[in-house]
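The values are calculated or read from the model by the stated rules, or taken from the named source; none is laboratory data. Everything numeric here is computed off the predicted structure, so don't read it as measured data. Positions of Cβ are generated from backbone atoms using ideal geometry, with glycine treated the same way; all protein chains shown enter the neighbour counts. We work out accessible area using only protein heavy atoms, side chains counted, and drop any ligands, DNA or RNA first. Shrake-Rupley method; radii C 1.70, N 1.55, O 1.52, S 1.80 Å.
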Amino acid sequence: MRKFLLGSIVFLGMLTGPAMAADLPVKAPAYETPVAAPIYNWTGFYVGVNGGGGWGRSRSDIIFDPLSSSSTAAPGSASRAIDGALGGLQAGYNLQTSSFLFGLETDIQATGQNSDALSTITQTTLVGCLVPCVPPPPTVTHATLDYAQKLPWFGTLRGRIGVAADHWLVYATGGLAYGEIKTDAVFTVPGGACIAPCTPTPGGSVAGNFSQTKTGWVAGAGVEAALGGGWTGKVEYLHVDFGDIDNTFARITMFPFFGTLRATSRVTDEIVRVGVNYRFGSAVVTKY
């Protein structure tokens with residue numbers, strides 16, 4: 001009888017065990033915090049270096065003002081490329097708000113840009129005679145002006161506004177430009193003209209050297225990419241306009257040119273350069 005009761009208890013335990021186990025609460029899986037996604041942030045101060053080339057133009061109008069009313073001079077003109085390599089330093093500050101970036105940048109450049117052009121100035125002089133006589137035809141004399149210009153250095157102070165997409169930045173930029181423009185000019189009058197019947201004139205030349213620091217404006221655009229850590233690389237285009245440059249020679253006294261020579265130039269520059277910047281501070285913020 002005792003064995004029967006013990007067997008019955010074991011049998012009931014076998015039947016009810018799975019049901020009771022099914023009623024036990026199941027432990028929920030542990031909640032895992034999602035992994036933070038890092039994004040690049042452009043805010044901060046930076047410094048860098050750059051290099052590239054400039055392909056500008058210098059357009060000049062040459063005017064000779066004769067002292068005598070019996071002479072007239074046709075103006076000359078010249079348009080030439082002023083190009084060469086350039087390189088320099090830049091520094092600035094970026095402030096990123098959401099996907100928009102606002103910044104200020106300054107740079108200073110040394111350049112090998114130069115140009116040289118030859119312009120012709122033509123003067124017509126009336127020849128008088130004592131009455132009674134038939135005046136001879138006017139004399140026409142062609143002089144030349146060798147006009148060379150250089151851009152040894154320039155700098156800019158620009159605002160920047162752009163759109164950032166994580167490690168990429170596309171921006172527009174513009175502001176103040178300033179630089180030194182050097183001009184070397186040689187005015188040459190050919191010999192051979194006659195003052196009276198007939199002493200040929202020897203001709204000659206006069207040189208002028210000018211240096212001016214000019215201000216103007218600059219505008220352009222660029223693309224910049226994060227390279228790792230605080231390093232970024234950029235490609236940039238700038239258009240620079242230095243405005244008008246006026247140079248006046250001392251009074252010229254070479255027959256038949258007696259007067260003042262003036263040259264007005266307009267210098268513009270197209271610049272393409274690449275650069276590397278290092279930005280101080282943390283380059284990454286966390287986005288959940």
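Of all residues in the stretch 106-123, which are surrounded by fewer than 21 Cβ atoms within 10 Å (Cβ to Cβ) and acidic (Asp, Glu)?
ASP116
Provide a single number: the residues in the stretch 229-261 that are under 30 Å from THR139 (Cβ atoms) and either outside any strand (DSSP E or B) or open to solvent by less than 60 Å² (accessible area, probe 1.4 Å) (or both).
Number of matching residues: 12.
Every residue, every condition in (1) at pLDDT 90 or above; (2) of a type in the set (A, V, I, L, M, F, W, C), yes or no:
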{"site": "GLY208", "(1), (2)": "no, no"}
{"site": "GLN212", "(1), (2)": "yes, no"}
{"site": "GLY228", "(1), (2)": "no, no"}
{"site": "TRP231", "(1), (2)": "yes, yes"}
{"site": "PHE249", "(1), (2)": "no, yes"}
{"site": "THR253", "(1), (2)": "no, no"}
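LEU169 - would you say it is at pLDDT below 95 and over 29 Å from GLN212 (Cβ atoms)?
So LEU169 fails the test.
Select from the stretch 165-179 the residues that are over 17 Å from the mean Cα position of the chain (by Cα) and either open to solvent by 10 Å² or more (accessible area, probe 1.4 Å) or without any contact (Cβ under 8 Å) to a residue 40 or more places away in the chain (or both) and list them in ascending order.
Within the stretch 165-179, ALA165, ASP166, HIS167, TRP168 qualify.
Tell me yes or no: at least one residue of the stretch 197-205 is at pLDDT 90 or above and open to solvent by 30 Å² or more (accessible area, probe 1.4 Å).
Checking the stretch 197-205: not a single residue is at pLDDT 90 or above and open to solvent by 30 Å² or more (accessible area, probe 1.4 Å).
Pick from the stretch 53-78 the residues that are part of a strand (DSSP E or B) and open to solvent by 70 Å² or more (accessible area, probe 1.4 Å): which of them is nearest to GLN123 (Cα to Cα)?
Checking each candidate, the answer is THR72.
Could you please give the count of residues in the stretch 262-288 that are assigned to a strand (DSSP E or B) and at pLDDT 85 or above?
So the count comes out to 18.
Consider THR213 carefully, then state whether it is open to solvent by 40 Å² or more (accessible area, probe 1.4 Å), closer than 16 Å to ILE121 by Cα, touching an Asp or Glu at 6+ places or on another chain (Cβ under 6 Å) and assigned to a strand (DSSP E or B).
No, not satisfied.
Which of the following residues is over 26 Å from ILE252 (Cα atoms) and either part of a strand (DSSP E or B) or touching a residue at least 40 places away in the same chain (Cβ under 8 Å) (or both): TYR147, TYR93?
TYR93
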